[in-house]
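Only one structure is covered here, and it is reproduced in the block below.
Here, each number is a calculation from the coordinates, and none is a lab measurement. On a predicted model such as this, the values are computed, not experimentally measured, just so you know. No Cβ is skipped: glycine too gets one built from the backbone with ideal geometry, and neighbour counts run over all protein chains shown.
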Amino acid sequence: DTGVSQNPRHKITKRGQNVTFRCDPISEHNRLYWYRQTLGQGPEFLTYFQNEAQLEKSRLLSDRFSAERPKGSFSTLEIQRTEQGDSAMYLCASIDGLGDGYTFGSGTRLTVV
Amino acid sequence: AQSVTQLGSHVSVSEGALVLLRCNYSSSVPPYLFWYVQYPNQGLQLLLKYTTGATLVKGINGFEAEFKKSETSFHLTKPSAHMSDAAEYFCAVAGASWGKLQFGAGTQVVVTP
């Protein structure tokens, strides 16, 4: 058990560029969640998957954001045409079916310049 | 739907003094409740959780919390603060189906010598 892994840890991109983040959950965790956290705020829910199925997506999530979990293991979060307001920490979490709680990764910090 | 209110965005405590962080929740279903700690530029670490059973929950690093249904509260306490407790603390709520986790805005704890 190596925990939830997120890559890259930091990403600096120019406004208008596309970026993709990766999350590798704990092995055999069937649910995977994405959150966004801006400075001084609590994490904000974006979307979550059970295996490869996307079960819920926040209404706050613009259509520039898309997430996938094609084989029910790792997940990717893509942001198209980035804006300065997308600058934030993007957190991934996973859980198993046994109720041990949501385990978070260290996050990917995105800076849009 | 669930929501969380954390009373006090900043708390200052003396080393050795009681730490008390307040959390009230709203939930249309029986809640699962969590406290997480976050150190700068890191992910979220689970301190403790309540799902079912005993309403007084003990967690890591000497923290504990009590679920009070009648007061819709889940306050976090630690009898004696340590310098290493300086961090941001988040209360969160989820429904019993382990769907999305809803976070409060967080409480920044400062520990003074």
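Ordering of B:93-102, A:81-90 by packing is B:93-102, A:81-90, highest average first (other Cβ atoms within 10 Å, averaged per residue).
Under 14 Å from the Cβ of A:Q17, count the other residues' Cβ atoms, weight Lys and Arg +1, Asp and Glu -1, and hand me the total. Charge balance near A:Q17 sits at +2.
Could you give the Stokes-Einstein D for the protein assembly as shown in µm² per second, using the C-alpha Kirkwood radius, 10 °C, 1.306 mPa s? Value of D from the Cα-based Kirkwood radius: 88 µm²/s. In plain terms, the residue of B:Y32, B:Y39 with the fewest other Cβ atoms within 10 Å comes first and the most crowded comes last, giving B:Y39, B:Y32. Counting charges near A:T82 (Lys, Arg +1; Asp, Glu -1) among other residues having Cβ under 11 Å from its Cβ returns a value of +2. Distance from the alpha carbon centroid of segment B:83-113 to that of segment B:25-39 works out to 9 angstrom.
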